Amino acid sequence: MPLVRLQVRNEYGLGQPELYKEASREDPKAVLDGVAVAGLVGILRQLGDLAELRVARQIVTTMLVKELSKAVIKRID
């Protein structure tokens, strides 16, 4: 069983390395711009992962409420 339930990865690791690796090494501004864009892409991916996690938790909560409601109704009948 894993010790970590959810691991948020580094935004630069989530960004595509091609965004900053293909920049000319002679132009430091292009390299920095590529790294900045890769960071933004990574942050957007993190936000998407967190949104998916929230939806999954809402689904599980809804299912649990449904099952508890069915058990209460069955006990009342």
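Here are the numbers for this structure:
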item	result
Options GLY13, GLY34: the member that is modelled with pLDDT under 80 and either in contact with a Leu (Cβ under 8 Å, 6 or more places away or on another chain) or not in a helix (DSSP H, G or I) (or both)	GLY34
Residue match in the range 32-41 (condition: surrounded by 10 or more Cβ atoms within 10 Å (Cβ to Cβ), touching a Phe, Trp or Tyr at 6+ places or on another chain (Cβ under 7 Å) and hydrophobic (A, V, I, L, M, F, W, C))	yes
The range 42-70, residues that are in contact with a helix residue (DSSP H, G or I) (Cβ under 7 Å, 6 or more places away or on another chain) and among the hydrophobic types (A, V, I, L, M, F, W, C)	ILE43
Matching residues in the range 19-29 - criterion: being at pLDDT below 80, loosely packed, with under 14 Cβ neighbours inside 10 Å and either assigned to a helix (DSSP H, G or I) or in contact with a Cys (Cβ under 8 Å, 6 or more places away or on another chain) (or both)	LYS21, PRO28
Scope the range 48-77; condition part of a helix (DSSP H, G or I), loosely packed, with under 10 Cβ neighbours inside 10 Å and either at pLDDT below 85 or in contact with a strand residue (DSSP E or B) (Cβ under 9 Å, 6 or more places away or on another chain) (or both); matching residues	none
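The values are calculated or read from the model by the stated rules, or taken from the named source; none is laboratory data. The shown structure was predicted, so the numbers you read here are calculated from the model rather than taken from an experiment. Note that each Cβ is placed from the backbone with ideal geometry, even for glycine, and that neighbours are counted across all protein chains shown.
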